[in-house]
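Peer 1: One structure follows; several queries about it will come next.
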Amino acid sequence: MTNRRYFLSGAGAVTGALAAASVSKVAMAALPEPVLQTTPDTMPPLVPPSGRPYNPVVTLNGWTLPWRMNNGVKEFHLVAEPVVREMAPGFKANLWGYNGQSPGPTIEVVEGDRVRIFVTNKLPEHTSVHWHGQRLPNGMDGVSGLTQPPIKPGKTFVYEFVARRPGTFMYHPHADEMTQMAMGMMGFWVTHPKAEHPLIDKVDRDFVFLLNAYDVEPGSATPKIMTMLDFNLWSWNSRIFPGIDSLNVRLNDKVRIRIGNLTMTNHPMHLHGHEFLVTGTDGGPTPRSTRHYEVTTDVAVGQMRQLEFLADEEGDWAFHCHKSHHTMNAMGHDVPTLIGLDHKDVARQITNLVPDYMVMGERGMADMGEMEMPIPDNTARMMTGEGPFGSVEMGGMFSVVKVRKNQKPGDYSNPGWYRHPKGTVAYEFDGAPPDTPRRRDAGAAAMPAQNMPARNIEVQVRKPGGGHTGH
Ligand SMILES: [Cu+2]
């Protein structure tokens, strides 16, 4: 928490805060001091210092925005600005975000809270903030041109509404969206229930993150904003594996993971070793009768999903998007499949022309995890991550849920690699390969093969010849 600055208590009251209107200089002086975050580390949960109590969430590689109470109103200050985000160790990207990071800080409130959010625009172009999924007055919905004028560079607007329903939400601009979301402007929002809720269970750990994607050419640092589908960095909270922190929990903890998708494609999220329930969607908590156990659930574009499970199996459990190209980092996409090809001849010929030529992929792509290949500066490795048994050969949307008996309640620190009990790890068989019995009779017993056709048949294809006959 050392990198956080908190609002000074007793800061001047904001008077005459105009909803969705720019604020005068006098009012600006009374704005809540913007709180900035300088590291991409996962910050501890922000235990609410004021207002109704709740069990705070933990933002993966992110943080929660502090607020100040002003006559019963929770006041936040978001600053839209260019940021440098370390997406993985050794790889920094020039993004746009809020309060020093992309994504912006998580906003956490309680059902029924009146919330006032000051948004200061330090971008080179206008912006707005849409509070994705919220019930609110139409003029607070943040659609530039439709429900408000855009927030010009240097201006501050005020949004004010009551957080009417509990659930999982997001925020993002609704002005030049293509650019601003491709550059990383987005954030998470959680509204906790104000009392015990029949459909919202208490959990021990509550993690949140956004799915986002960038197209940054290897060796450069700024995303290409025109990319529609062919992104090369698939990230959680603008981090890529192995830069994504693990989700560290205590054995038998009830765990909730809230996910929002602000990419241009869907992501089937897959958890190893446990089954989870989808307890919440865009519209709030799901009716219990609709819940069923899953190990993968799809999060479509623009959707939010809440997964819940009992972490009752110790270990290091992979948690990732199941689209295999989304667990890889930047690399040219035009690499042909070369498995089984013998390149020796080709390689020799090419090496005569291009001395540095290197063949990739003739035994699959796994070599890429360990290969000491020269890559441009400021480039994330394609697939990497050093595990206790070697390279994990992953990138992108991948992390690990670490379940430990000795993890203390409320301790989110990384416990290190799991120590497997003796005899519980897959091992190399060093005897003679056993003879696998196989059935030799075609079709086996259930349905004997008919052996048809009995003789070779010559297929004659007659192509339409001559001109059309004009039918
Ligand atoms: Cu995916």
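Peer 1: Look through F161, F169 and report the one residue that is hydrophobic (A, V, I, L, M, F, W, C) and touching a helix residue (DSSP H, G or I) at 6+ places or on another chain (Cβ under 9 Å). Before the answer, list the steps.
Peer 2: Working: F169 fails: touching a helix residue (DSSP H, G or I) at 6+ places or on another chain (Cβ under 9 Å).
Selected residue: F161, the only one of F161, F169 that is hydrophobic (A, V, I, L, M, F, W, C) and touching a helix residue (DSSP H, G or I) at 6+ places or on another chain (Cβ under 9 Å).
Peer 1: Does G104 qualify as being within 29 Å of N329 (Cβ to Cβ), at pLDDT 95 or above and out of contact with any Pro (no Cβ under 8 Å at 6 or more places or on another chain)? First the steps, then the outcome.
Peer 2: On the way: within 29 Å of N329 (Cβ to Cβ): yes; at pLDDT 95 or above: yes; out of contact with any Pro (no Cβ under 8 Å at 6 or more places or on another chain): yes.
So G104 fits the description; yes.
Peer 1: Condition first: touching a Lys or Arg at 6+ places or on another chain (Cβ under 6 Å) and free of Cβ contacts under 8 Å to residues at least 40 places away in the same chain. Can you find one or more residues in region 211-230 that meet it?
Peer 2: Yes; the residues of region 211-230 include at least one that is touching a Lys or Arg at 6+ places or on another chain (Cβ under 6 Å) and free of Cβ contacts under 8 Å to residues at least 40 places away in the same chain.
Peer 1: Then there is this: Being within 15 Å of the ligand (Cβ to nearest atom), closer than 24 Å to R404 by Cβ, in contact (Cβ under 8 Å) with a residue 60 or more places away in the chain and basic (K, R): is that true of R250 here? Steps first, please.
Peer 2: Numbers: within 15 Å of the ligand (Cβ to nearest atom): no; closer than 24 Å to R404 by Cβ: yes; in contact (Cβ under 8 Å) with a residue 60 or more places away in the chain: yes; basic (K, R): yes.
Criteria not met by R250.
Residue-wise test of (1) at negative phi; (2) outside any strand (DSSP E or B); (3) buried (at least 17 other Cβ atoms within 10 Å of the Cβ).
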| site | (1), (2), (3) |
| --- | --- |
| F157 | yes, no, yes |
| F161 | yes, no, yes |
| M178 | yes, yes, no |
| D206 | yes, no, yes |
| A213 | yes, no, yes |
| V216 | yes, yes, yes |
| P223 | yes, yes, yes |
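Peer 1: Then there's this: Within region 294-331, can you find the residues that are among the hydrophobic types (A, V, I, L, M, F, W, C), in contact (Cβ under 8 Å) with a residue 60 or more places away in the chain and within 12 Å of the ligand (Cβ to nearest atom)?
Peer 2: As a first pass, look at region 294-331 and keep what is among the hydrophobic types (A, V, I, L, M, F, W, C): 295, 299-301, 304, 307, 309-311, 317-319, 321, 328, 330-331.
If we keep only those that are in contact (Cβ under 8 Å) with a residue 60 or more places away in the chain too, we end up with 299, 304, 311, 317-319, 321, 328, 330-331.
If the condition is that a residue be among the hydrophobic types (A, V, I, L, M, F, W, C), in contact (Cβ under 8 Å) with a residue 60 or more places away in the chain and within 12 Å of the ligand (Cβ to nearest atom), then V299, C321, M328 are the ones that fit.
Peer 1: Strands (runs of 3 or more DSSP E) wholly in region 35-135 with at least 1 residues that are under 21 Å from the mean Cα position of the chain (by Cα) and crowded, with 22+ Cβ neighbours inside 10 Å - which ones? I'd like the intermediate steps shown before the answer.
Peer 2: Values: elements: 68-70, 73-88, 91-98, 107-110, 114-121, 130-132.
Qualifying strands (runs of 3 or more DSSP E): 73-88, 91-98, 107-110, 130-132.
Peer 1: Ok, one more. Restricting to region 256-293, count the residues that are away from the ligand (no atom under 16 Å from the Cβ) and in a strand (DSSP E or B).
Peer 2: So the count comes out to 10.
Peer 1: Considering only residues of region 244-255 that are closer than 29 Å to H172 by Cβ and part of a loop (DSSP other than H, G, I, E, B), which is most open to solvent (accessible area, probe 1.4 Å)?
Peer 2: Step by step, filter region 244-255, then rank; the result is D245.
The values are calculated or read from the model by the stated rules, or taken from the named source; none is laboratory data. The shown structure was predicted, so the numbers you read here are calculated from the model rather than taken from an experiment. Heads up, the Cβs are rebuilt from the backbone with ideal geometry, glycines too, and the neighbour counts pull from every protein chain shown. The accessibility values were calculated without ligands, DNA or RNA, using every heavy atom of the protein model including side chains. Shrake-Rupley method; radii C 1.70, N 1.55, O 1.52, S 1.80 Å.
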